[in-house]
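Engineer: Here you go, one structure.
The values are calculated or read from the model by the stated rules, or taken from the named source; none is laboratory data. This one's a predicted model, so the numbers in the text were calculated from it and none came from an experiment. Here the Cβ is made from the backbone with ideal geometry for all residues, glycine too, and neighbour counts use every protein chain on show. Quick note on the areas: whole protein, heavy atoms, side chains included, nothing else; ligands and nucleic acids left out. Shrake-Rupley method; radii C 1.70, N 1.55, O 1.52, S 1.80 Å.
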Amino acid sequence: MSAETIAVVGGTGNLGAALARRLAKAGHRVVIGSRSAESARAAAENLGLGITGTTNAEAANIGDIVIITVPFAAQGDALREIAPKAAGKIVVDTTVPLVPPKVMRVQLPSEGSAATRAQAVLGAGVTVVSAFHNVAAHKLATDEAVDCDVLVFGDDKDAREKIVRLAKDVGLRGLHGGALANSAAAEALTSVLIFLNRTYSVDGAGIRITGKLIEPGR
Ligand SMILES: NC(=O)c1ccc[n+]([C@@H]2O[C@H](COP(=O)([O-])OP(=O)(O)OC[C@H]3O[C@@H](n4cnc5c(N)ncnc54)[C@H](OP(=O)(O)O)[C@@H]3O)[C@@H](O)[C@H]2O)c1
């Protein structure tokens with residue numbers, strides 16, 4: 001069991017529940033949040049593995065690392081709610097700025113990306129890292145190997161490294177993708193992946209970075 005607790009805000013949903021389950025399986029202490037404590041507890045019980053459930057604000061309060069897995073339309077409200085509890089912590093934003101019904105079209109927000117928007121809402125006292133934009137939740141929800149790399153973005157290299165390791169715990173290859181502003185590339189790519197899914201009947205297209213990668217610092 002790791003010393004740190006990981007909170008998943010919106011952890012009753014597709015991506016949140018799948019991440020929570022894989023993180024708990026990897027030995028992390030995990031708490032999932034919801035707008036309703038009752039829903040969170042029910043979802044946590046369903047997931048098992050010692051996962052607990054509470055409100056989003058309380059989960060963010062308990063968590064040392066806070067992962068946000070809510071729809072783009074809910075991102076601002078969810079972040080404003082947890083902001084007072086997130087000071088001094090790493091907040092991992094997974095938001096893809098999809099604007100239904102045109103989810104196959106790249107529609108980045110005026111801030112440049114959902115991740116930079118998250119940083120603007122949370123303020124400089126919170127370290128925002130973004131990741132997991134290109135992985136299909138329904139694949140993560142299984143015990144099967146998932147054929148997808150995870151690009152991790154953030155302006156704080158140490159915080160980014162922590163989330164690269166967290167991606168590895170989830171069973172994926174996490175790779176440093178550079179500054180938080182670069183998150184726009186992975187966020188935009190998801191609309192392209194959805195287009196590929198529909199065009200080529202793919203059950204959750206993912207991304208792979210090719211070439212021989214040597215771990216930084218070696
Ligand atoms: N699904 C994927 O394959 C995938 C892959 C990569 C990235 N993402 C990103 O991950 C995020 C979550 O996606 P998802 O598919 O897991 O979403 P989801 O299942 O539709 O929703 C996740 C959770 O968000 C909460 N929520 C919904 N509306 C809300 C609101 N107005 N305010 C606060 N919370 C609200 C709900 O929890 P409660 O009702 O319990 O509060 C819900 O269970 C999105 O930003 C998405 O772009 C998803």
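Engineer: From 98, 108, 49, 15, which residue is open to solvent by 10 Å² or more (accessible area, probe 1.4 Å) and away from the ligand (no atom under 15 Å from the Cβ)?
Structural biologist: When all the criteria are applied, what remains is 49.
Engineer: Can you tell which of 74, 60 is within 14 Å of the ligand (Cβ to nearest atom), in contact (Cβ under 8 Å) with a residue 60 or more places away in the chain and in a helix (DSSP H, G or I)? Explain how you work it out, then say what you get.
Structural biologist: Working: 60 fails: in contact (Cβ under 8 Å) with a residue 60 or more places away in the chain.
After ruling out the rest, the residue left standing is 74.
Engineer: Would a scan of segment 25-34 turn up a residue that is of a type in the set (Ser, Thr, Tyr) and open to solvent by 20 Å² or more (accessible area, probe 1.4 Å)? Don't jump to the end; show me each part of the working.
Structural biologist: The initial filter retains those residues of segment 25-34 that are of a type in the set (Ser, Thr, Tyr), namely 34.
Filter again for open to solvent by 20 Å² or more (accessible area, probe 1.4 Å), leaving none.
The answer is no, given that none of the residues of segment 25-34 is of a type in the set (Ser, Thr, Tyr) and open to solvent by 20 Å² or more (accessible area, probe 1.4 Å).
Engineer: State yes or no: is residue 52 among the polar types (S, T, N, Q) and closer than 15 Å to residue 131 by Cα?
Structural biologist: no
Engineer: Hey, another quick one. Name the one entry in 30, 9, 92 that is of a type in the set (A, V, I, L, M, F, W, C), near the ligand (Cβ under 9 Å from one of its atoms) and closer than 21 Å to residue 141 by Cβ.
Structural biologist: When all the criteria are applied, what remains is 9.
Engineer: Name every residue in segment 129-154 that is away from the ligand (no atom under 16 Å from the Cβ) and more than 21 Å from residue 214 (Cα to Cα), in order of residue number.
Structural biologist: 143, 145
Engineer: Also, I was wondering about something else. Just need a number here: residues in segment 146-159 that are in contact with a strand residue (DSSP E or B) (Cβ under 9 Å, 6 or more places away or on another chain) and either within 15 Å of residue 6 (Cβ to Cβ) or open to solvent by less than 30 Å² (accessible area, probe 1.4 Å) (or both).
Structural biologist: So the count comes out to 7.
Engineer: Then there is this: Could you list, in sequence order, all residues of segment 101-128 that are part of a loop (DSSP other than H, G, I, E, B) and of a type in the set (A, V, I, L, M, F, W, C)?
Structural biologist: 103, 104, 106, 108, 124, 126
Engineer: Right, another one. Enumerate the pairs (first residue in segment 78-95 and at negative phi; second residue anywhere and of a type in the set (Asp, Glu) and surrounded by 19 or more Cβ atoms within 10 Å (Cβ to Cβ)) with beta-carbon separation below 8 Å, excluding pairs fewer than 6 apart on the same chain, so at least 6 apart or on different chains.
Structural biologist: If the second residue must be of a type in the set (Asp, Glu) and surrounded by 19 or more Cβ atoms within 10 Å (Cβ to Cβ), the pairs left are 95/187.
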